[in-house]
Amino acid sequence: MTEGTILVNKKILVTGATGFIGSSLVKKLASTDDEVFILVRKSSDLTSLSDVLHKVHLVYGDITDRASLDSALPGIDLVYHSAGLTYMGDKKNALLYKINVDGTRNILEASSAAGVKRVVHVSSITAVGIAFDKKPVDESVIWNFHAISLEYARTKHLSEIEVANAIKRGLDCVIVNPAFVFGAGDINFNAGRIIKDIYNKRLPFYPLGGICVVDVEIVADTIITAMEKGKTGERYILGGENVSYKQLADTISRITGAPKVNYPLPFWAARILKSALDLYKNKNRISKLFNMSMFRVASHFLYFDSSKATRELNMQYQSHEHSIRNAYEWYRERNMLN
């Protein structure tokens, strides 16, 4: 499949379909005339897809099981690979590599063997880099996340190397790198954890870095456009507004009515505080976001320039406040914040 080629009544397979981005993507694909297949495990929780299960085909398999992919992919035209393990810590290094690197290699090799016409690989901004001088970086930056030693980032970087190798072998692939994704449907509280914790007064301080915020609806729409219009071998940062964690916390407080988060916490002080809190019996009163790997990342600036996706994929823009409000109202309607 070349850029601009349109297939009619396509057969599409989505990995990671039960995840936050994956489920939003599947819902949009299910509203088209295409035939949508989702790769799930027998143990997968399908709650996030309950509204569209009657419109999609379940295919049982696992990206870490190559044989299951060889059974799932024949006849498939297009693959959206959004499966992956997101874990900010150092206790699951082997599993991160198995899912994010080996799993990506498996889906790419199986796609090649099955004659899949194009794969969109859903990567991460951690595979792009850090804006050490606060100036937003674009797709051309040399990967520099090794400076803070985060295994998740390393495996996402390595997964993109697997994509590059697959392209050299003749597979048509495009990479998208979503930023910090908020919005409706985040049932597992990925980015939404910070909303829940500020709402419940479990995050009394904020890190000194910043993040690029984007709405899940924009991400899903742009991933679909990347399949249609993205250039082979190119990567596209899917981001929006760059905000400091102070700005983000203030926005969440304003929208949810929670007290403002007033205390800045440098990383050096966070390490001391964490050691003290580890002795604290009632740890549930402190946010799960307060682990050292995550806080170290949050002490840097993950600011990104998304103009390439805006220019080539017609990606839309919304303020971070819009995305926070969408997520908060979705949680509130379902009584999920307490």
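The values are calculated or read from the model by the stated rules, or taken from the named source; none is laboratory data. Computed from a predicted model, the values in this text were never measured in an experiment. Counting neighbours? That spans all protein chains shown, and the Cβs are built from the backbone with ideal geometry, glycine included.
Of all residues in segment 141-198, exactly one satisfies the criterion of being under 24 Å from A249 (Cα atoms), basic (K, R) and crowded, with 20+ Cβ neighbours inside 10 Å, namely K196. If you go through segment 1-15 and pick out every residue that is modelled with pLDDT under 95 and in contact with a strand residue (DSSP E or B) (Cβ under 8 Å, 6 or more places away or on another chain), you end up with 4. Does S23 satisfy being part of a helix (DSSP H, G or I) and either at pLDDT below 95 or buried (at least 18 other Cβ atoms within 10 Å of the Cβ) (or both)? The answer is yes for S23. Number of residues in segment 63-81 that are closer than 24 Å to V219 by Cβ, in contact with a helix residue (DSSP H, G or I) (Cβ under 6 Å, 6 or more places away or on another chain) and not in a strand (DSSP E or B): the value is 1.
Does G129 qualify as being touching a residue at least 12 places away in the same chain (Cβ under 8 Å), crowded, with 17+ Cβ neighbours inside 10 Å and on the phi > 0 side of the Ramachandran plot? Against the criterion (touching a residue at least 12 places away in the same chain (Cβ under 8 Å), crowded, with 17+ Cβ neighbours inside 10 Å and on the phi > 0 side of the Ramachandran plot), G129 qualifies. Somewhere in segment 257-269, is a residue modelled with pLDDT under 75, closer than 21 Å to N190 by Cα, in a loop (DSSP other than H, G, I, E, B) and more than 19 Å from the chain's Cα centre (by Cα)? No, the conditions are met nowhere in segment 257-269. The residue of segment 308-338 that is surrounded by the most Cβ atoms within 10 Å (Cβ to Cβ), among those that are of a type in the set (S, T, N, Q) and closer than 18 Å to A191 by Cβ, is S323. For the residues G84, G89, the requirement of being in a loop (DSSP other than H, G, I, E, B), under 23 Å from K27 (Cβ atoms) and touching a helix residue (DSSP H, G or I) at 6+ places or on another chain (Cβ under 9 Å) singles out G84. Checking each residue in segment 199-224 for being surrounded by fewer than 22 Cβ atoms within 10 Å (Cβ to Cβ), of a type outside the set (D, E, K, R) and under 17 Å from the mean Cα position of the chain (by Cα) picks out only I224. Residues in segment 210-236 that are in a helix (DSSP H, G or I) and touching a strand residue (DSSP E or B) at 6+ places or on another chain (Cβ under 6 Å): 6 in all. What are the residue pairs meeting all of these: first residue in segment 211-224, first residue in contact (Cβ under 8 Å) with a residue 40 or more places away in the chain and over 16 Å from I125 (Cβ atoms), second residue of a type in the set (A, V, I, L, M) and in a helix (DSSP H, G or I), Cβ atoms under 6 Å, and 6 or more apart or on different chains? From residues that are in contact (Cβ under 8 Å) with a residue 40 or more places away in the chain and over 16 Å from I125 (Cβ atoms), the pairs are A220/L25. With (1) within 20 Å of D221 (Cα to Cα); (2) in contact with a helix residue (DSSP H, G or I) (Cβ under 9 Å, 6 or more places away or on another chain); (3) outside any helix (DSSP H, G or I) as the list, and V59 as the residue in question, which single condition is left unmet? Every listed condition holds for V59 apart from (1). For segment 91-134, the set of residues classified as over 19 Å from the mean Cα position of the chain (by Cα) and of a type outside the set (A, V, I, L, M, F, W, C) consists of K91, N106, E109, S111, S112, G115, K117, R118, D133, K134, listed by residue number. Residues of segment 31-56 being under 20 Å from the mean Cα position of the chain (by Cα), surrounded by 15 or more Cβ atoms within 10 Å (Cβ to Cβ) and either assigned to a helix (DSSP H, G or I) or among the β-branched types (V, I, T) (or both), which ones? Within segment 31-56, I38, V40, S48, L49 meet the criteria. Checking each residue in segment 203-216 for being over 18 Å from R296 (Cβ atoms) and either in contact with a Lys or Arg (Cβ under 6 Å, 6 or more places away or on another chain) or at pLDDT 95 or above (or both) picks out V213, V214, D215, V216. Could you say whether any residue in segment 83-103 is of a type in the set (S, T, N, Q), in contact with a strand residue (DSSP E or B) (Cβ under 9 Å, 6 or more places away or on another chain) and surrounded by 14 or more Cβ atoms within 10 Å (Cβ to Cβ)? Checking segment 83-103: not a single residue is of a type in the set (S, T, N, Q), in contact with a strand residue (DSSP E or B) (Cβ under 9 Å, 6 or more places away or on another chain) and surrounded by 14 or more Cβ atoms within 10 Å (Cβ to Cβ). Taken over segment 52-75, the criterion of being among the hydroxyl-bearing types (S, T, Y) and without any contact (Cβ under 8 Å) to a residue 40 or more places away in the chain is satisfied by Y60, S68, S71.
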